[in-house]
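J.: Have a look at this one.
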Amino acid sequence: MAHPTSAGAALSIQDIVDAIVREIDEGRYPVGSLLPSEAQLQAQFGATRYRLREAMSALRKLGVIDSRAGIGTHVLARNPTPFFVHSQQTLESIMEAARTTQLKLERAGLVAADEQLAGLLQAAPGSQWFFLDTLRYLRGEARPTGALWLYMRPEFAGVAERLEGWNGPVFKLIERLYGVGIAVVEQEIDAAPLESRLAERLDAAPGSPCLQVTRHWFDAAGKLVQCSVGLYPQGRSRYRSRLPLASL
């Protein structure tokens, strides 16, 4: 199928996304099959490499395709299903993933760490922490992709006033406002059932499984800056990593 363009009328990234989704839906590329090579798709759409790669990235985020180095790009589904793609390789990749979403602040305030929270924060019981309860949305989506709970040192409470409209991860906002940089992130991933009240807020079934992502963010001195707990209902979140093998 040709996609002719004229001077000044090149296909946009969204045009390419829509065209590939349409061709998958029409059966030109069945689920499980491989898409043409990057060079072939560039020729088909008259697109630059940058524009094509942005379109393919968008399709991966929609759950339509998956790319594997040395293998190619497989078709995963006919119908787009938006989900949040986490990346765990570098702080830079975490930043890039966060930019695809926006946070809506539900409530904020100081909390005293009970025994359970103190264990999570690796802090003393009774210590004070500033808590942000947020919902995470993929840009342009009305249904939240998950909840993000943030516990940070009380001196960073001003983050709450600047969160709306912030494009990026919260640790970068702390860095900008307070000059405190993140040196190390520790991450744990687990499965958990959705508690009823949270399930209602996320438009999900109570007790249904969710992905729980807990991250501890430390400064160069090893002091905890913030702890984030993300809760993502089944089907709305996916983890992707690339792990190079060392020479044996």
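J.: Could you check segment 47-75 and list, in sequence order, the residues that are in a loop (DSSP other than H, G, I, E, B), surrounded by 15 or more Cβ atoms within 10 Å (Cβ to Cβ) and in contact with a helix residue (DSSP H, G or I) (Cβ under 9 Å, 6 or more places away or on another chain)?
T.: 47, 62, 64 - these are the residues of segment 47-75 that are in a loop (DSSP other than H, G, I, E, B), surrounded by 15 or more Cβ atoms within 10 Å (Cβ to Cβ) and in contact with a helix residue (DSSP H, G or I) (Cβ under 9 Å, 6 or more places away or on another chain).
J.: Kindly provide the set of residues from segment 122-145 that are at pLDDT 95 or above and closer than 27 Å to residue 203 by Cα, ordered by number.
T.: Hits for segment 122-145 are 130, 131, 132, 133, 134, 135.
J.: Say we look at segment 179-225 and pick out the residues that are charged (D, E, K, R) and either in a strand (DSSP E or B) or in contact with a Gly (Cβ under 8 Å, 6 or more places away or on another chain) (or both); which of these is surrounded by the most Cβ atoms within 10 Å (Cβ to Cβ)? Break it down stepwise before answering.
T.: The first filter runs over segment 179-225 and keeps only residues charged (D, E, K, R), leaving 186, 188, 190, 195, 197, 200-201, 203, 215, 219, 223.
Next cut, either in a strand (DSSP E or B) or in contact with a Gly (Cβ under 8 Å, 6 or more places away or on another chain) (or both) only: 186, 188, 190, 215, 219.
Numbers: 186: 12, 188: 10, 190: 9, 215: 19, 219: 17.
Per the criteria, the residue is 215.
J.: Residues of segment 5-51 being modelled with pLDDT under 90 and in contact with a Lys or Arg (Cβ under 7 Å, 6 or more places away or on another chain), which ones?
T.: Within segment 5-51, 13, 25, 31 qualify.
The values are calculated or read from the model by the stated rules, or taken from the named source; none is laboratory data. These figures come from a predicted structure and were not determined experimentally. We place every Cβ from the backbone using ideal geometry, glycine too, and count neighbours over all the protein chains shown.
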